[in-house]
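Laboratory data are not the source of any read-out in this text; all were calculated from the coordinates shown. No experiment lies behind these values; they were computed from the predicted model shown. Using ideal geometry, Cβ is built from the backbone for each residue, glycine included, and neighbour counts are taken over all protein chains shown.
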Amino acid sequence: MRLEGVSKVYPDGTTAVRELDLTFAAGELTVLVGPSGCGKTTTMKMINRIIEPTTGRILLGADDVTRVDPVQLRRRIGYVIQSVGLFPHQTVRRNVATVPRLLGWDKARTRDRVEELLELVGLDPATFGDRYPHQLSGGQRQRAGVARALAADPPVLLMDEPFSAVDPIVRERLQSEFLRLQETVRKTIVFVTHDIEEAVRLGDRIAVMSQGGTVEQFAPPAELLGAPATPFVADFVGADRGLKRLAVTGIDLADLEQPPVVHVDDSLADARAALERVGARWAVVLDDQQRLNGWISAERAVGAGTVRQAGKRMEAWVPIDATLKTAFATMLQLEAGWVAVLDERPAQARELVAGLSTSTSAALRELKATVAVLRSADDETSA
């Protein structure tokens, strides 16, 4: 989908959107973010012609949407809004089936699609299908709204601040569930929010808009946070953009320490030998099924006995696909100086990949003051 030179000027001369050129890649989630009055919602509403553009073209595939019947157009585009918009007099099933019914789907096909989507968004059809909107929580209504928007399998989904009306805990859960859903459906999504944290967490690409509907920067989250294009963008993303960047930066395996590995039934003599071979101060301990068990330091690997007797449990670990924000939060929560990075794919359940250390991670080195505090902990805590 493309916007080419799209503007919206109202009769009183107010410019809501100015000469907008944007390309929305298929299967990606693009976020329009900016302060109130920047034209982000106007831009979204021009895509499905709730608001007509003054100039420019909006192309959905090869079709110029300004030349398509607006009713037919809206049946090809899913739409989710902040207030959900469910019909209060209809059950959840009937709400989700709205567009398939309008498109003339037969009853069996519609029923199967409704059941599939309710399962997909985490609403058990047997439990929630016959309830009315007032019988649902805010989060459940939002899930039902997403299911309705996806019912006819539209190629494009528009979402106008869909999670802003729920409390922060529910919002974070809905965001996580939505990211998992997008991994499955891979729709082209245009998502409007005023919250840069939400934009960074959800977006594949982010368009930062300023007053008058001008796009200040259009870039992936990491680029936006790492190299703001204008003073407006730098101010909007905030002085803590280095911290925000951790949320979109994955763990680089090349940047990890590779500690020696011992097993719970190894002797302490074997553990000492493993440590001495590489000059390490500590080693990771695996159980007999190659799962993370704990760690052992050189100071504890003395005398006779086994690693099982002298080692300590390891609670600080993250999956291989975690972000640096998750890794760092785990370190802070558990007062650990490092975390283990584990491969949780089924064939290698919790197989150790490496250790992410405060002393080796390039991203964490940016947080020198905090890292210094972590390093000051004693060996028993920080190892």
Give the long-range amide H neighbours of T214: residues separated by 5 or more places, or on another chain, with amide H under 5 Å away, using H modelled in the peptide plane at 1.01 Å from N.
R18
Output row, site K107, 7 Å Cα→C-beta label point, backbone N cut-off 13 Å, window segment 119-152, residues none
May I ask for the percentage of alpha-carbon pairs in segment 1-89 that lie more than 14 Å from each other?
68 percent
Highest GNM mean-square fluctuation among V185, V146, V71, for the chain with Cα springs under 10 Å, belongs to V71
Just the number, please: percent antiparallel of the DSSP beta bridges in the chain, rounded to the nearest 5.
55 percent
Potential extension, T55-H134 segment - 0.36 nm per residue separation minus Cα distance:
24.3 nm
For helix 138-150, report the angle its Cα long axis makes with the longest principal axis of the Cα atoms of the chain; keep it between 0 and 90° and round to the nearest 10°.
60 degrees
What is the pair-distance distribution P(r) of the chain, computed from all Cα-Cα distances in 20 Å bins starting at 0, with each bin given as a whole percent?
24, 44, 26, 6, 0
When the helices in the chain are scored as -39500 (n - 2.57) per DSSP H run of 4 or longer and the sum is shared across all residues, what 222 nm value do you end up with, to the nearest 500 deg cm²/dmol?
-9500 deg cm²/dmol
With r defined as the distance between the Cβ atoms of H89 and D12 and R0 fixed at 45 Å, what FRET efficiency is calculated, to the nearest 0.05?
0.75
Per-residue Cβ contact counts at 10 Å, fewest first, order Y132, Y79 as Y132, Y79
Sites R313 and E115 - FRET efficiency at Förster radius 41 Å, r taken between beta-carbons, to 0.05:
0.40
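Set the Förster distance to 30 Å, then compute FRET efficiency between E276 and I320 from the Cβ-Cβ distance, nearest 0.05.
So the FRET efficiency works out to roughly 0.55.
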